[in-house]
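Participant: Just dropping this structure here.
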Amino acid sequence: MSKRTIVTMPGDGIGKAVLDETLRVLEAAGFDAEYVEGDIGWEFWKSEGNPLPQRTIDLLEKHKIALFGAITSKPKDEAFEELAPELKDKGLVYSSPIVGLRQHFNLEICARPCKTYKGNPLNFIRRGQGNEIEEPEIDVVIFRQNTEGLYGGVEWSNPEDKVYETFMSHPKFKKNFGHVPKEEISISTRIFSKERTYNILKAAFDYARKYGYKSVTLAEKPNVIRETSGMMYKMALQMQKNDYPEIELWNTNIDAQMMWLTKNPENYGVIVAGNMFGDIVSDGFAGLIGGLGFACSAQWSLDGVAVFEPTHGSAPKYADYETSIVNPIAMIESACMMLDFIEEKEISDKIRKAVAEVIAEGKVRTYDMMKMRGTADVVKKGAASTKEMADAIIAKL
């Protein structure tokens with residue numbers, strides 16, 4: 001069998017550091033692949049006016065599977081100022097390349113597991129009866145619709161006349177905003193389609209059935225956002241009743257969910273939501289298992305294109321340190337999700353076991369696990385570097 005080819009996209013900041021160490025872990029675990037690097041990120045925006053060059057899209061169209069590091073995104077005006085001088089009169093407008101990838105390849109399904117590692121000093125704890133300290137075991141997977149909703153990119157500032165007139169035809173817009181000068185209005189839309197709402201709900205229910213979760217929780221706001229959240233809730237009710245009767249459907253408003261996730265997080269299994277609310281609740285649960293250093297994700301299209309990435313940002317201040325200090329586990333876990341996706345589960349299980357052993361042993365901990373500020377001298381103070389954490393995982397392998 002020929003080697004599989006994986007597109008690697010280090011991106012910006014710490015992306016290269018965590019991706020390089022992850023590739024070492026994959027090799028040590030016995031994953032035999034060819035890697036081709038794709039250009040993406042801030043440097044290509046500044047020099048080419050495009051943070052997602054067509055050549056990178058072509059690579060992913062050919063090879064289908066990618067590991068992605070991290071991205072830097074800045075507000076529109078700040079992004080314009082950093083463009084090369086010769087590009088500033090070209091009418092270029094910055095947009096996030098990872099959002100561009102999602103929309104180009106219709107990476108509509110996003111999964112973000114949040115699972116407790118025993119021995120992680122960053123795990124969520126609470127007080128129980130009799131003032132007893134409890135450390136609930138969390139095993140939650142958030143399914144987030146990845147291409148629609150507030151991230152769909154359909155928005156305007158000082159909307160053109162035909163757009164403004166269309167909104168003015170809605171009585172609530174006219175009543176609440178009709179007195180506001182058009183040039184002082186910015187509008188973002190929240191669009192849900194039945195097809196893609198069905199797809200994300202089905203992905204969540206299928207996952208729950210496959211891995212034995214007893215419930216799927218819809219974390220939206222149908223009591224207020226009646227058309228979009230309301231449609232999603234109605235579809236979830238029908239789907240559960242007709243196709244997944246053995247799985248309970250729980251409906252929680254997103255604001256209440258954020259309160260309950262620190263009250264009884266162990267009660268939840270699979271959670272499903274639209275784009276923005278899925279983003280919010282996944283970061284909330286990530287905080288309970290140690291933060292963004294442990295938060296992995298996968299996003300894929302129904303025709304097999306998939307990108308795997310940690311959910312942390314590019315942290316450019318850390319990228320300038322002589323020794324990289326950031327926690328690579330989120331990137332390593334994302335690579336494990338890739339292995340699961342391409343049916344290399346034996347290797348992913350081996351890596352996860354090694355990670356668990358390192359964390360439980362507690363001898364090697366990055367600065368976040370030692371609850372230090374992320375300064376350049378943390379390694380001298382006893383924290384493991386990015387490489388040392390990868391070395392410890394490889395030693396367990």
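Participant: Within the set LYS263/LYS353; LYS46/LYS76; LYS46/LYS387; LYS118/LYS350; LYS88/LYS162, which residue pairs have Cα atoms separated by over 22 Å?
Facilitator: Exceeds cut-off: LYS263/LYS353; LYS46/LYS387; LYS88/LYS162.
Participant: Name the residue farthest towards the positive end of the dipole of the chain from the options ILE247, CYS336, PRO181, assuming +1 on Cβ of Lys and Arg, -1 on Cβ of Asp and Glu, about the Cα centre.
Facilitator: Positive-end residue among those listed: ILE247.
Participant: Something else now. Under the definition of Cα pairs under 8 Å and six or more residues apart, what whole-number percent is the relative contact order of the chain?
Facilitator: Across the chain, relative contact order equals 22 percent.
Participant: Give the span of the stretch 145-185's Cα atoms along each principal axis, as three whole-Å numbers ordered largest to smallest.
Facilitator: 35, 19, 16
Participant: Output the DSSP H helices from the chain with an along-axis C-alpha extent of no less than 15 Å and a mean Kyte-Doolittle hydropathy no less than -1.0.
Facilitator: Within the chain the helices that satisfy the rule are 15-28, 228-243, 275-288, 329-341, 345-361, 386-396.
Participant: Taking Rh as the Kirkwood radius computed over C-alpha pairs, what is the Stokes-Einstein D of the stretch 163-236 at 25 °C in a medium of viscosity 0.890 mPa s, expressed in µm² per second?
Facilitator: It diffuses with D of about 164 µm²/s by this estimate.
Participant: Which loop-located trypsin sites (Lys or Arg not before Pro) does the stretch 1-61 contain, where loop means any DSSP state but H, G, I, E or B and the Cβ has at most 16 other Cβ atoms within 10 Å?
Facilitator: Here the trypsin sites (Lys or Arg not before Pro) that fit, given the DSSP loop and packing criteria, are LYS3.
Participant: Ok, one more. Based on alpha-carbon atoms only, what is the radius of gyration of the stretch 304-365 relative to the globular estimate 2.2 N^0.38 Å?
Facilitator: Computed over Cα atoms of the stretch 304-365, the ratio equals 1.31.
Participant: Given Cα positions, please report Rg to Rh for the chain, the hydrodynamic radius being the Kirkwood one.
Facilitator: Result for the chain is an Rg/Rh of 0.98.
Participant: Calculate how many DSSP beta bridges within the chain are antiparallel, expressed in % of all such bridges and rounded to the nearest 5.
Facilitator: Among the beta bridges of the chain, antiparallel pairing accounts for roughly 45 percent.
Participant: Normalised by the residues of the stretch 266-397, what does the relative contact order come to in percent, with Cα pairs under 8 Å and at least six apart?
Facilitator: 22 percent
Participant: I've got another one for you. Stick to Cα atoms and the Kirkwood definition of Rh, then tell me Rg/Rh for the stretch 81-193.
Facilitator: That ratio equals 1.18.
Participant: Quote the Stokes-Einstein diffusion coefficient, in whole µm² s⁻¹, for the stretch 11-168, based on the Kirkwood radius over alpha carbon pairs, a temperature of 20 °C and a viscosity of 1.002 mPa s.
Facilitator: D = 109 µm²/s.
Participant: To check my understanding: the extent here is largest minus smallest coordinate of the Cα atoms along each principal axis. What are those three numbers for the stretch 1-89, in Å, largest first?
Facilitator: Answer, in whole Å and largest first: 50, 25, 16 Å.
Participant: Can you quote the Å³ per residue value for the convex hull of the Cα atoms in the stretch 241-334, rounded to an integer?
Facilitator: 150 Å³
Participant: When N counts the residues of the stretch 54-122, how does its alpha-carbon radius of gyration compare numerically with 2.2 N^0.38 Å, as a ratio?
Facilitator: Dividing the Cα Rg of the stretch 54-122 by 2.2 N^0.38 Å gives 1.58.
Participant: Which is the longest part of the chain that has none of the GluC sites (Glu not before Pro) sitting in a DSSP loop with at most 16 other Cβ atoms within 10 Å?
Facilitator: With a cap of 16 other Cβ atoms within 10 Å, the longest stretch comes to 1-81.
Participant: Expressed as a whole number of Å, what is the distance separating the alpha-carbon centroids of the stretch 326-386 and the stretch 3-31?
Facilitator: 14 Å
No lab work stands behind these numbers, since they all come straight from the coordinates. In this text the structure is predicted, and so the values were computed from the model without any measurement. Heads up, the Cβs are rebuilt from the backbone with ideal geometry, glycines too, and the neighbour counts pull from every protein chain shown.
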